[in-house]
Structure formats: structure tokens, C-alpha cells
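Read-outs: derived from the displayed coordinates by stated rules, not from any lab. Just so it is clear, the structure is predicted and the values come from calculations on it, not from any experiment. Every residue, glycine as well, gets a Cβ built from its backbone with ideal geometry; the counts of neighbours run over all protein chains shown.
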Amino acid sequence: MDQQIERCAGLDVHRDTVAASVRVPGSNGKRRQEVRTFGTTAAELLALRDWLEAHGVTHVAMESTGVYWKPVYYVLEEAFTCLLVNAAHIKQVPGRKTDVKDCAWIAQCLECGLLRGSFVPPAPIRELRDLTRHRKVLIQEKTRAANRLHKLLQDADIKLASVATDILGVSGRAMLEALARGTTDPVVLADLARGQLRKKAAGPAASAGRALPTAPCLSAQPALGARGLPGRGDQPDECGGGAAACSFRGSADAAGRDPRDQSAHG
């Protein structure tokens, strides 16, 4: 095949190692190939970049192997034209099973212009994408914790959701915190209602003839604390969720256990 790229390199990326193959013009007019293996630490990746620059490499190709390609790509993208290639596009012929043969094969394919790089957005877009994806995960976790809380209240026969449209509103949070402290008197709980909910809560509280039942995990302070309840208006912190998100997640998991399971074990 005709050569299209004069100085190129192929990388076979793994978790702990990167096998690199460089193809450059030789002294006798033929192509010269050199292979070397590097680690994946920051110092090793910088050494890889220096080694490629010393050979005058202009194009680098690598397979999109899980997430292992990311640090390698980020270190090299400013110094070279990097191609992130789908592994299915460069399937090996029988017998090419070692890292050295893999990287050499990638370099040969790149040299002949047979590889097509996948789209990798620029760094600002990558950072924004990671941020929005993490925020979406936090919102989903918050929703799952709220659903577990609904199930917990129903298992304990506490009909807070029948009175309060949003059990995680101001009134609902106050009642849940009181339940976590061991309060089971319906009148006391109804007195914690705010706004329009006071009218709705007054009827059931006045007609109640006994204290509300309480699940073992509801009466335990660590299970549902004031900081452990997801708020209605609280939004996940884009910078990682913060301490509130971490405490919410742990307490929500504790609150989501089946009361019958807990009583059986304890």
C-alpha cells in the first residue's frame, strides 16, 4: 500500500502499560520501526511524549480501550494529531496477539491512511459533559432515595404521603425529623405542618386515637437525621455533591432497609 504519513506511531493502551511503535524513514530508504513499552503514570506518559517528539512523530493512533485511553490521549493531544480508533475497525489478522504486534499493526494501518478517528470533543466540552453527567447521576440517586423513603413510610403504616403532596417539603421534613427523634404523637406531628398543610393535617390528627406506629429504622437517629433528608429545593452540587449529598446518600441507604429485615436481624 502507498505510504501517506511519513512519521507516525501506534499505541496499544492497557491499564498499567502502553506499547508504542514508531515508524519513520530509515537511512537506506526503507521504513524503520522501533517499539518501546511505557507505564501509565504521569511521569511515564510524559516520557512517552518526549520519545515520540524525539522521533519527529506527527500522527498518533490508539484504540478506544475502556477509559484507559483518556490520560494517554490528554497528554498527547496538544503535541500530535491524535486518532482515537474503534477497535472493530482494526481487527487483527490471526497470529497478532501480543502488545508489540498490536501497536505495530496500528502504526502500519495509520501509515497507510486506513484509520478513521472517532470524535473527541475539546477539553472545555469534555469538562462540561462530565459535570452534567455527574449532576444527572446525583439527581437520579436523590429520586431513588425519595422513593425508598416513601416505601419505608408505607411499610411503617405512616400515611404522611396521603396528607402532604411533597413529603420532602418544609412540613414533611419537619415531621420526618420528629419521627427520627422518636415522636409518635399525631397531634404533635400535625402541629409541625406549615401553610395550607395545617388544615389538611388537623383532621387526621384530631381523629387519631392512638400514637403512630414507628419502624425501628425510623426511630433511630442515624437513619433519618436533619441533614440526611433530601430537600425539595436542594440541587446537587455540580462540584461533586458536597457534604450534604454524601450524608444524604448514606442516610438514604440506611432508611431504605426493610423494617422487618432489620428487626429480624436485631
- Note on the structure: Per the charge dipole of the range 1-49 (beta-carbon charges, Lys/Arg positive, Asp/Glu negative, Cα centre), the residue among ALA43, SER21, LEU11 reaching farthest to the positive end is SER21
- FRET efficiency, THR98 to ARG129 (Cβ-Cβ, R0 30 Å, nearest 0.05): 0.30
- Per Stokes-Einstein, at 37 °C and 0.692 mPa s, what whole-number D in µm² s⁻¹ belongs to the range 8-111, with the Kirkwood radius over Cα pairs as the hydrodynamic radius? 243
- Task: With 32 Å as the limit, write out which pairs from LYS70/LYS101; LYS91/LYS142; LYS136/LYS199 have Cα-Cα distances beyond it, or answer none.
- Result: LYS91/LYS142; LYS136/LYS199
- Query: Peptides 121-129, 187-195: what's the order by average Cβ count within 10 Å, highest mean first?
  - Reply: 187-195, 121-129
- Note on the structure: Whole-Hz Karplus couplings 3J(HN,Hα) for the range 156-168, θ = phi - 60° and coefficients 6.51, -1.76, 1.60, Gly and Pro as x, run 8, 6, 9, 8, 5, 5, 6, 9, 9, 4, 10, 6, 9
